[in-house]
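Read through the structure below, which is laid out as structure tokens, and then see the notes.
The values are calculated or read from the model by the stated rules, or taken from the named source; none is laboratory data. This one's a predicted model, so the numbers in the text were calculated from it and none came from an experiment. We place every Cβ from the backbone using ideal geometry, glycine too, and count neighbours over all the protein chains shown.
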Amino acid sequence: MGIAANAAVLLVAALHVYFLVLEMFLWDKPTGRRVFGLTREFAEDSKRLAANQGLYNGFLAAGLVWGVTQASLDFKLFFLACVIVAGVYGAATVNRRILYVQAAPALLALLLVVMG
């Protein structure tokens, strides 16, 4: 179970690296606008905020990777909980899809970590 749990944690980390790239570098590009359903004007006006948000996603990914590489249960649990809270908040305030894209994978990984 430990291998599956760590794989799930690393998958969640990879998702957050992907979010970082989308928000920091592709937000106002056609790919970013398509993924987030943004107009060109809104994307241009909000790209600094999105880049900041992307940076936070990078910190979440770093914490998850750190937890796996250091075999730290506490780090894995803490950062997975942070991802879940962020996903629930995002689903409640921005788009329900965030619950499935962000919070659900983190919850699955958290359950695997706890069972491992």
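A quick yes/no check of all residues on (1) farther than 19 Å from Leu11 by Cβ; (2) under 15 Å from the mean Cα position of the chain (by Cα):
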| site | (1), (2) |
| --- | --- |
| Phe42 | yes, no |
| Ser46 | yes, no |
| Phe75 | no, no |
| Phe79 | no, yes |
| Cys82 | no, yes |
| Ala103 | no, yes |
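From the list Gly32, Gly37, pick out the single residue that is more than 15 Å from the chain's Cα centre (by Cα), of a type outside the set (Phe, Trp, Tyr), over 30 Å from Gly116 (Cβ atoms) and buried (at least 17 other Cβ atoms within 10 Å of the Cβ).
None of the others qualify; the one that does is Gly32.
Which ones in region 53-74 are of a type in the set (A, V, I, L, M, F, W, C) and at pLDDT 95 or above?
Leu55, Phe59, Leu60, Ala61, Ala62, Leu64, Val65, Trp66, Val68, Leu73 - these are the residues of region 53-74 that are of a type in the set (A, V, I, L, M, F, W, C) and at pLDDT 95 or above.
Only one of Ala14, Ala91 is within 18 Å of Leu108 (Cα to Cα), out of contact with any Phe, Trp or Tyr (no Cβ under 6 Å at 6 or more places or on another chain) and without any contact (Cβ under 8 Å) to a residue 24 or more places away in the chain. Can you tell me which?
Details: Ala14 fails: without any contact (Cβ under 8 Å) to a residue 24 or more places away in the chain.
Among Ala14, Ala91, only Ala91 is within 18 Å of Leu108 (Cα to Cα), out of contact with any Phe, Trp or Tyr (no Cβ under 6 Å at 6 or more places or on another chain) and without any contact (Cβ under 8 Å) to a residue 24 or more places away in the chain.
Could you check Ala51 against (1) surrounded by fewer than 17 Cβ atoms within 10 Å (Cβ to Cβ); (2) free of Cβ contacts under 8 Å to residues at least 40 places away in the same chain; (3) closer than 21 Å to Ala5 by Cβ; (4) aliphatic (A, V, I, L, M) and say which number it fails?
(3)
With respect to Asn6, determine if the residue is buried (at least 16 other Cβ atoms within 10 Å of the Cβ), touching a residue at least 60 places away in the same chain (Cβ under 8 Å) and not aliphatic (A, V, I, L, M).
Here the answer is yes, as Asn6 does meet what is asked.
If we only count helices (runs of 4 or more DSSP H) wholly inside region 1-107, which ones have 3 or more residues that are aromatic (Phe, Trp, Tyr)? Break it down stepwise before answering.
Numbers: elements: 2-24, 30-36, 40-69, 73-93.
Result: 40-69, 73-93.
Are any residues in region 84-99 in contact with a Gly (Cβ under 9 Å, 6 or more places away or on another chain) and under 16 Å from Asn57 (Cα atoms), and if so, which ones?
Ile98, Leu99, listed by residue number.
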